[in-house]
Amino acid sequence: MTTVLHYKARPSLVPKKQSLTDMAYSAIKAEINAGKIPLDSFINIPEIEHQLEMSRTPIREAMLRLQTEKVVEIVPKRGIRVLALSAGDLANYYQIVAGLELQALGNICARKLTRTDIMPLLYALSAEEAALRAENFEAWADADEKFHRSLFILNGNPRLQEAGINFRDIIQRANMEALRHIAADDRMRCLRDHNEVKELLLRADENYARERYLEHNKWLGTVIANTLAEKEITRL
């Protein structure tokens, strides 16, 4: 099965410092993360060139970057295959992301940010609450993702931000599918835990913020692992 992208790059709207490779990378990755390209399907390079109005070189370089992230696999004479994550791979990535987020929490506390400073986090929490009230899973999952990305955005270390968001990109689609299977009560607990972490960040209580985050992360990891096992879901 070959999937055609329906994204057209618009160079005039992209900062001049962004290369064609960066543009191609962002366009293709956005389609994959949004779930618009089915797992195990093939993306045809000539079609991508046509859709993005680019030559083969930046497309190829973008694919190589995505392959290093294990998002796609370059299959000779066939094209680009979108890879699924195994449940085990997702659990391993969760550990990496958790370590990075734990450091981000410490950095945020050290910065002693005000409520105004953490507006991205507050917006994400507000969106989480609204989505849960509306019983809109996609909106809740999107807001949950924004909450976690906000930790990296606010941490003050650009290298940590880059690394953290890169790993969030890798797990985004699989994480959303995993969260789709947890119970509504568990989603409500996620919101409560996130709000508690937010208050601890505002108090710059690094030790307790880390402690509560670790408790939440351990609990949610167990819930996801058990749920996937019960439903016999091994690939996401």
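For this structure, a couple of remarks:
- Under Karplus coefficients 6.51, -1.76 and 1.60, residue-wise ³J(HN,Hα) of region 140-149 in Hz, glycine/proline x: 5, 4, 5, 5, 4, 4, 5, 4, 5, 5
- Extreme residue, positive dipole direction of region 131-190, given options Asn157, Ala143, Gln172 (C-beta unit charges): Asn157
- Backbone N atoms of region 31-51 closer than 17 Å to the 7 Å Cα→Cβ label point of Arg78 belong to residues 38-46.
- Only Lys, Arg, Asp and Glu carry charge here, each on its Cβ (+1 for the first two, -1 for the last two); on that basis the chain has a dipole of about 700 debye about its Cα centre.
- For the chain, with +1 on Lys and Arg beta carbons and -1 on Asp and Glu, the positive-most of Leu125, Leu90, Gly35 along the dipole: Gly35
- Which of His148, His181, His216 has the fewest Cβ neighbours within 10 Å, and the rest in rising order: His181, His216, His148
- When only Cα pairs below 8 angstrom with a gap of at least 6 residues are kept, region 14-114 shows a relative contact order of 26 percent.
- Applying 1/(1 + (r/R0)^6) with R0 = 30 Å to the Cβ-Cβ distance of Ala30 and Glu61 gives a FRET efficiency near 0.95.
- Take every pair of alpha-carbon atoms less than 8 Å apart whose residues are at least six positions apart; their mean separation over the length of the chain yields a relative contact order of 21 percent.
- 3J(HN,Hα) couplings calculated from phi for region 218-228 with the Karplus curve 6.51 cos²θ - 1.76 cosθ + 1.60 (θ = phi - 60°) are, in sequence order, 5, 4, 5, x, 5, 4, 5, 4, 5, 5, 5 Hz; Gly and Pro show x.
- Our compactness index for the chain, the C-alpha radius of gyration over the empirical 2.2 N^0.38 Å, is 1.08.
- Working note: Karplus 6.51/-1.76/1.60 with θ = phi - 60° gives region 165-176 the couplings 5, 4, 6, 5, 4, 4, 8, 3, 5, 5, 4, 5 Hz, where Gly and Pro are set to x.
- Among Glu138, Glu47, a tally of other beta-carbon atoms within 10 Å of each Cβ gives an order, fewest to most, of Glu138, Glu47.
- If you take all other residues with their beta carbon under 15 Å from the beta carbon of Ile45, and give Lys and Arg +1 and Asp and Glu -1, the sum is 0.
- Distance violations [Cα-Cα > 23 Å] among Lys36/Lys218; Lys70/Lys218; Lys198/Lys231; Lys112/Lys198; Lys146/Lys218: Lys36/Lys218; Lys70/Lys218; Lys198/Lys231
- Computed about the Cα centre, the dipole magnitude for region 14-84 is approximately 140 debye when only Lys and Arg (+1) and Asp and Glu (-1) carry charge, each at its Cβ.
- Helix 20-33 vs. the chain, principal-axis angle (Cα, 0 to 90°, nearest 10): 60 degrees
Readers should treat all values here as calculations from the given coordinates under stated rules, not as data from a laboratory. Keep in mind the model is a prediction, meaning the values are calculated, not measured. Quick reminder, even Gly has a Cβ in these numbers, built from the backbone with ideal geometry, and neighbours come from all protein chains shown.
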